[in-house]
Every structure is written in C-alpha cells, then in structure tokens.
1. Between T22 and R198, what length comes free when the chain is fully extended (0.36 nm per residue of separation minus the Cα-Cα distance, one decimal in nm)?
2. Of K32/K55; K16/K55; K49/K128; K32/K177; K32/K263, which pairs sit farther than 23 Å apart, going by alpha carbon to alpha carbon?
3. So how do 169-176, 88-95, 201-208 stack up, highest first, on mean other-Cβ count within 10 Å?
4. If I stretch the segment between A145 and L72 completely, what's the gain in nm (0.36 nm per residue apart, minus their alpha carbon distance), one decimal?
5. Under a Cβ-only charge scheme (Lys and Arg +1, Asp and Glu -1), can you give me the dipole magnitude of the chain about the Cα centre, in debye to the nearest 20?
6. Heavy atoms only, probe 1.4 Å: what % of the accessible area of the chain goes to carbon and sulfur, would you let me know?
7. Find the accessible area per residue for segment 1-126; the probe is 1.4 Å, ligands and nucleic acids are left out, and the unit is Å².
8. What distance in nm separates the simple spin-label points at A34 and R92, each placed 7 Å from Cα in the Cβ direction?
Amino acid sequence: MPEGDTIYRAARALQKAIGGKTVTGFDTGLAKLARVNDDAPLLGRVVEKVESRGKWCLIFFSGDLILVTHMLMSGSWHLYRVGERWRMGRDRMRVVIRTVDWEAVGFNIPVAEFHTARSLERSSQVPKLGPDILSNEFTVEGGVARLAAYGRENPDAEIAVVLLNQRVLAGLGNVYKSEVAFAAGVNPFRAMRTITAREMEVMVEVSQRYMRANVVDGAGDGIVTYAGNRRTTHAMDREERLWVYGRQGQECRRCGAAVMMRKQGLQARSTYWCPECQAWVGMGETAAPVGRTQVVRRGKVGC
C-alpha cells in the first residue's frame, strides 16, 4: 500500500535512474496526458529532477513541465532496463518515460496530470499539503504545532483520522496511522480535545522515526520501486514486522490482549489497536469503542 515512504523510495529510485537524462520516448494510456504530449512533446526534454511530497511524486522536465502522480491504493512506479520484460501487463500501463538506458513505467496510476510551475501552485492539491515528514526541513516541533492547531479548530476529530489528513502532516498512510497511535499508547478513536501535548510530541517523533527507518538506502530499492519490508518493530521476521496493523484477533506483542479492528472515518479505513495498551479517554461522555477481534473470512460464491 503506497504511503509516504513508498513514494519517497520510488522518487529516489527514479532520480537515480532517469534524473538528468534526456527523454527518448514517452507513452501513455491516459488521454489527458497524451493531449499535452501532442502539443508539447516530451521527446528531447531532460528529466531535471524527481522528488516526493507526501504521497505525491513529481517528475520535473525541462521547459517547465511537471508530471504529478498519486498512487492512491494500487498504483506503482517500476524501473526496467530498456528491453527488459515488464512484470505487469501492458493493459495496466498508464505512463512510460524512456531514456537511453531505462524505462520508468507507471502501472495502475489513478491520478496523473501535467502542470507548469504556475499551474501546480494554483490548481493542484500539492501546495495544500502539510509539512512532509520525510523532508529535510521537517521538525518534531513544527509537526506538533500543526497537530495542535488542527485540534483547536477541530476538537471532536478522531486522532487516527487526523493522522491521515495530508493537510496536517504529509506522508502517513493507513499502516503508519495504526502503528504510530500504538507506539504512543493513544487510542485511535480519541477526540483531539483529549490528546495531550506530550502525546502529540510522541506521535510526531515516532512518525518521523518510523518513516525514516523505512527509507534508508537498500530498504525497498530495486526494479519494483514500491516493494519494501515496511517495519515498525525491530523484528526481522516478515510476520513480526508490525505492532498491530493487520493483526486483528492476534495477541498484542506487549500485553497479550487481542488486537481489535474497526472501520473508521468517512472513508471507512481499517484501524487496528490494542484496547489494553491504548487506553480510552472519552471525557466521560462517550463509551470506549469496541472492534472486532475475530477475522471474518468470506467464502466462495455459492458456498
């Protein structure tokens, strides 16, 4: 699932492969990109740089043209040597950028658009992003300030929903949301008015530490740039790499209680937590949320 660390690694790999190189070919299955290429061809342009901003990947071409992509749930960038067989079918291809040595292929990308520097600032979602947790300029103090400010304006907002809000902090996704709340001992359904300054500080610090640990050189680099062993525990075993995410009904790694799962927010994203390690604080007027501990398995059609 693409989150900020995934996009950071993808942008880094793309920069290493095609950054500074001249475009020798461009192909797309998206009509709006094809129209721009017809009017202002990419052929002959130089890839000036590739960078990530939260969950967005930006590819800058000479001549003031920027390809902006967002992976949502299923998109990915792959890198192949020219002539190498793709690992996905051509029907899933959305964008291909070729240089002399490399093909950068975007598969299943749901959001892709060209911008100039001016249009990017004027009409895209990118300028509205909160501070990027993986940027060199990010500080824990700045992140806490953003959380606190949002909490004052939205006191009833649930903390895990806020952690996913890219206009507050850019980069966290559904996996990190649950893992960060667990690490801070914060129930993910608590309202912002119940979150202390110290809890915010811990969550921001853990967010930065977890994400930086998952983008060190070698963590997920390779031909398929979305691949990587995202890890929040210190365990090397693939089955033990996360604290609570995806572990519904299993024992909490700290206290042994059953990990719960419940859908949360308008997008009904799955949230995982330990009811013992992440105590409920509801200011007396609301009961603690209850989630499922038993995994519901769907049978085959007709069974």
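The values are calculated or read from the model by the stated rules, or taken from the named source; none is laboratory data. Predicted, not measured: the structure shown is a model, and the values here were computed from it. Note that each Cβ is placed from the backbone with ideal geometry, even for glycine, and that neighbours are counted across all protein chains shown. All accessible areas refer to the heavy atoms of the entire protein, side chains included, with ligands and DNA or RNA removed. Shrake-Rupley method; radii C 1.70, N 1.55, O 1.52, S 1.80 Å.
1. Extra length available between T22 and R198 comes to 58.4 nm.
2. Cα-Cα > 23 Å for K32/K177; K32/K263; rest within.
3. 169-176, 201-208, 88-95
4. Details: separation 73, 0.36 × 73 = 26.28 nm, distance 2.70 nm.
Gain on extension, A145 to L72, equals 23.6 nm.
5. In total the dipole reaches around 760 debye.
6. It is 49 percent, rounded to a whole number.
7. Accessible area per residue: 45 Å².
8. 2.1 nm
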